[in-house]
Amino acid sequence: MTSRPPPRPAAKSYDGEGIVVGFDAHRCLHAAECVRGLPHVFDVDRRPWVQPDNAPADEVAEVIHRCPSGALQYHRTDGMPDEVPDVPTHVSLHADGVLHVRGDLEVATPYGPRHETRVMLCGCGATADTPYCDHSGPCAGHG
């Protein structure tokens, strides 16, 4: 019988007026779309580093949608819809072996299927966060 690794901790949540922002540090590959897009909301030098009330919920949602890894996600609490998946689904293989996927996705993980809208999947198989890329394999030099 093979033993499974323990489930990783749930993403952190940051509550704001009309939006709850979730962040999964294990998935973040530091594309920095968030800090470039809304530096007054996403500031890695401040604690908490996510302050969703520093911008309208629509702007926060728009910037989170740019996050290629899906490390940032959101849930609207103001009656507006949660993130709508890209249609059609888009898959691109980058030079470092990472598959960037956007759409209405069901991703098979060691802990069961997960519904996703944006992911960066490991193409080399050397990730510690299967199936998500963590740049720990041959792609590490390309991050």
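Hey, what did the chain get for relative contact order, percent, Cα under 8 Å, at least 6 apart?
20 percent
If R0 equals 25 Å, the separation of the Cβ atoms of Asp58 and Lys12 corresponds to a calculated FRET efficiency of about 0.70.
Within the chain, the longest run free of chymotrypsin sites (Phe, Trp or Tyr not before Pro) that sit in a DSSP loop with at most 16 other Cβ atoms within 10 Å is 50-110. The fraction of accessible area contributed by carbon and sulfur in the chain is 56 percent, rounded to a whole number (1.4 Å probe; ligands and nucleic acids excluded). The mean accessible area for residues of the range 1-128, using a 1.4 Å probe and ignoring ligands and nucleic acids, is 59 Å² per residue.
Mean residue ellipticity, 222 nm, helices only, the chain: the sum of -39500 (n - 2.57) across DSSP H runs of n ≥ 4, divided by residue count and rounded to 500, is -2500 deg cm²/dmol.
Charge dipole (Cα centre; +1 on Lys/Arg Cβ, -1 on Asp/Glu Cβ; no other charges) of the range 41-136 amounts to roughly 220 debye.
Comparing Leu105, Leu38, Leu93 in a Gaussian network model of the chain (Cα springs below 10 Å), the most mobile by mean-square fluctuation is Leu93.
Taking 12 Å as the cut-off, the amide N atoms of the range 22-55 that come nearer than this to a point 7 Å along the Cα-to-beta-carbon line of Asp82 belong to 22.
The values are calculated or read from the model by the stated rules, or taken from the named source; none is laboratory data. Small disclaimer: the values here were computed from a predicted structure and weren't measured. Neighbour counts run over all protein chains shown; Cβ positions are idealised from the backbone, glycine included. For accessibility, only protein heavy atoms count, side chains too; no ligands or nucleic acids. Shrake-Rupley method; radii C 1.70, N 1.55, O 1.52, S 1.80 Å.
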